[in-house]
1. Given the protein chains as shown and a 1.4 Å probe, how many square angstrom of E223 are accessible, to the nearest 10?
2. With viscosity set to 0.890 mPa s at 25 °C, what whole-number translational diffusion coefficient in µm²/s follows for the stretch 394-552 from Stokes-Einstein and a Kirkwood radius over Cα pairs?
3. Leaving out ligands, DNA and RNA but keeping every protein chain, what accessible area does E127 have, in Å² rounded to the nearest 10, with a 1.4 Å probe?
4. Given the protein chains as shown and a 1.4 Å probe, how many square angstrom of M422 are accessible, to the nearest 10?
5. For the stretch 266-325, report the % of Cα-Cα distances exceeding 16 Å.
6. Starting from the Cα of A403, move 7 Å in the Cα-to-Cβ direction to define the label point; list residues of the stretch 451-465 whose amide nitrogen is under 13 Å from there.
7. From the cross-link list K311/K427; K486/K575; K200/K261; K110/K474, which pairs have alpha carbons spaced over 27 Å apart?
8. Of D73, D373, which has the most accessible area and how do the rest follow, probe 1.4 Å?
Amino acid sequence: MATIFDKAEKRFQDVFSTRWLSFEGAVSSLLHNFDILIGCLLVDEEGGNIVAGGLVGFIYTSEFLAVSHFMGDVMGIVCRVSRVFQREDLTFSVVKDVIDPACAAILGMKSTAGPRLESFLPEIPSEVQDSGNFLFDGNLIKDSSSHRSNFESLRVKFSDQLVLNLQSCFPSQQIFQSLSIFDPQFVPSLGSQELLSYGKEQVDFLCIHFGQDKGSHKALISEVHFREEWLMFKQVLTGIILEYEQGGNLKTKSIDLLDLKPETDVDAVVDEISRKEPLITASKADQVRKLIQRLQEKLAQKDDHHFYLFKVLRAHILPLTNVGFNKSGSSFITGSYDRTCKVWDTASGEELHTLEGHKNVVYAIAFNNPYGDKIATGSFDKTCKLWSSETGKCYHTYRGHSAEIVCLSFNPQSSIIATGSMDTTAKLWDVQTGSELVTLSGHSAEIISLSFNSTGSQLITGSFDHTVSVWDVKSGKRIHTLIGHKAEISSAQFNWDCSLIATGSMDKTCKIWDTPSGRCIGTLRGHDDEVLDVAFDYTGQMLLTASADGTARCYNAVTHQLISKFEGHEGEISKITFNPQGTSVLTASSDKTARLWDPENGSCKQILEGHTDEIFSCAFNYEGNTIITGSKDNTCRIWR
C-alpha cells in the first residue's frame with residue numbers, strides 16, 4: 001500500500017511548479033494596475049514604440065479585460081491546488097479532495113462568473129453600443145459582438161482544456177475510487193456482513209494495475225503481499241476475518257476484537273476464539289495467535305507527538321464562534337460575530353476567502369466532509385448559506401427559520417443540510433436545488449444540537465426542552481423522543497456504528513441510549529456542574545464528557561465504567577474530542593488553554609498556551625497531527 005501511495009505522491013508533486021503562482025501574480029498585478037499600465041504604454045507609444053501601440057490596441061478591448069478577470073478567477077483556484085501540492089507533508093488522501101473540487105469549480109466557470117469576472121461584467125453594457133465603446137475606470141474600451149463571442153469561446157475552451165490537463169496528470173477515476181477503500185470514512189459499520197467482502201473488486205483492480213509487469217517496467221507491488229496487507233487493514237477495523245470454502249463457494253466470517261488491548265492475554269483470547277469458532281482448528285490456532293500479536297503491536301504504538309505553535313491568525317475583527325477542518329486538513333474555516341466566515345490555507349496560514357453576505361453573527365459552520373468542496377454557514381440572521389470552498393461563491397441562501405440558526409450539519413452524502421434553530425424547529429434543505437425538503441417540528445424549546453448518523457438515514461436533535469428527538473430523514477417523521485434529562489440538552493452524538501446515542505445535559509449528567517429502541521441504558525453521574533459536550537471515540541467504545549466544573553471524564557461506553565478523569569483546567573471545559581486514532585483527548589477551556597490528555601490514565605500530556613481569552617472551540621485534522629483552537633481573543637492558532 002505504501003509503495004503505491006509513495007509513487008503517486010511523488011508524481012503529483014512533480015506536476016506543479018511555481019509557474020502557476022507567477023502567472024497568478026502577473027494577472028493580479030495587471031488588474032490592480034490597469035490604469036498605470038495603460039499610461040505607461042501610451043507614453044511609450046507617443047515615443048514611437050510600435051509594439052506599445054499594438055498592445056494598447058489589444059488591451060483596450062472588452063475581450064481582453066473579460067479574459068483577464070476570468071483568468072484571475074481561474075488562477076486563484078489553480079494556485080491553491082499548486083500550493084497544496086508543494087507541501088512537504090503531502091499525502092495521497094489530499095489528492096482527490098483537492099483535484100475534484102478544483103475541476104468542478106473551473107468547469108462551473110464556463111457558465112457562471114467567478115468573483116473577479118462577476119465584478120467586471122456589470123461594467124459592460126448589456127448591448128453593444130452604437131459607438132462601439134464604453135467607459136471603464138475612465139478609459140474608453142472598444143467593444144463589439146466579435147469581442148464578446150471570442151471571450152465566451154475562449155472561456156469554454158480554456159476551462160475544458162485546463163480540466164483535461166489536470167485530470168491527465170493524475171490516475172484514472174477508477175484508481176481514485178479503488179484507493180478510497182482505504183479511507184475509514186467510507187468503510188461500512190463495524191462487524192457488518194458488508195465489511196467482510198468490502199473492497200474485493202477494488203483490490204482486484206489495484207492488483208491488475210500495479211501488480212503486473214508492463215514492458216520494461218517491473219510490477220510495482222507483490223499481489224500476494226498487497227492482498228495480505230488489505231486483509232490486515234480490515235482486521236484492524238473489525239478483528240479477524242476468516243475465509244473458508246463451503247459448497248464450492250468462498251465465504252468469509254468476522255471475529256470481533258474491539259476489546260483487544262496491548263496487555264490482553266493472547267493465549268486466553270485464542271482459547272476463547274477456538275471454543276466459540278469451529279473454523280479455528282488446532283492447526284490454525286498458531287496463525288491466529290501471531291495475527292493477534294501483530295494487532296497488539298499496532299495498538300501498543302505510543303502517541304508521543306508534541307505540538308508546537310505554528311501560526312497565530314488574527315482571524316476576525318470580532319470574536320470567533322466556531323472553527324472546523326476539511327477532511328484532508330488542507331483548509332479550515334472560522335465563523336465570527338463580524339458576520340463573516342473565513343476560509344484558510346492550513347499550511348501557509350493564508351486567508352483564501354471571506355464569505356460575506358450574512359446580516360448578523362455567523363454562528364454555525366461546516367465543510368461537507370469528506371468532499372470538502374462546499375461550506376454551510378448558519379447565522380443569527382435566520383438564514384443558512386451554501387458556498388463553494390474553492391471560489392467563495394454563494395450557491396444558495398436558505399430562508400424559512402423564524403429565529404437564529406445555531407447548529408447545522410451536512411449528511412454524509414453531501415446532498416442534504418440540516419439546520420437547528422431557536423425557533424424550536426430543524427429543517428432539511430436540498431444542497432443541489434436550494435429548496436426546503438421538510439421541517440422537523442415537535443420540540444417545545446430551542447434546538448441547539450443536531451447530528452446525522454453515519455449512513456444519513458437518521459438525524460438527532462437536542463433541545464432546551466430537556467429532550468432529544470430521533471428523526472427518519474427520508475420521511476421527516478420522528479422515530480423516538482429520548483426523555484429522561486431534567487434540564488436543557490447541551491450535546492447529542494451517535495457513536496460510529498450508530499447503535500448508541502450519547503446526550504449531555506445541564507442536569508450534570510450524560511445519558512446513553514439504545515438507538516433502535518430509544519431506551520435509556522445508562523446514566524453517567526459524577527460532574528458537579530453542567531455537562532457541556534460529549535464525544536465518542538472512533539470505535540464507539542469510549543465516551544468523553546466535558547463539564548462546567550472544569551473537569552472531563554472518559555467512560556467505557558459499553559459497561560459505563562469510569563476509565564479516567566481529566567483534572568487541571570481552571571475554568572469550564574466547553575469542547576472535548578478524541579484524535580482520530582483515539583490515543584489522545586483534546587479539551588478547550590475558559591481558562592485560556594487547550595490541553596491534551598491520555599484517555600487511559602487521565603494524565604495531562606501537554607498544555608497549549610498563548611491565547612489571551614476563553615478558548616471555545618478546538619479540532620484535530622483528519623491525520624491527527626494538526627490542531628486548531630479558536631478563542632474569544634479574536635485569534636485562531638494552528639498547532640503542529
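The values are calculated or read from the model by the stated rules, or taken from the named source; none is laboratory data. Just so it is clear, the structure is predicted and the values come from calculations on it, not from any experiment. Cβ coordinates were reconstructed from backbone atoms using ideal geometry, including for glycine residues, and neighbour counts include every protein chain displayed. SASA here: full protein model, heavy atoms, side chains in, ligands and nucleic acids out. Shrake-Rupley method; radii C 1.70, N 1.55, O 1.52, S 1.80 Å.
1. Here the accessible area works out near 80 Å².
2. On the way: Rh = 15.7 Å.
Stokes-Einstein gives a translational diffusion coefficient of 156 µm²/s.
3. The value for E127 is about 130 Å².
4. That residue has around 60 Å² of solvent-accessible surface.
5. Details: 1167 of 1770 pairs.
For the stretch 266-325, the fraction of Cα-Cα distances above 16 Å is 66 percent.
6. Those under the cut-off are 463-465.
7. Details: K311/K427 37 Å; K486/K575 22 Å; K200/K261 29 Å; K110/K474 34 Å.
In this structure, K311/K427; K200/K261; K110/K474 exceed 27 Å between Cα atoms.
8. Values: D73 15, D373 35 Å².
Result, largest first: D373, D73.
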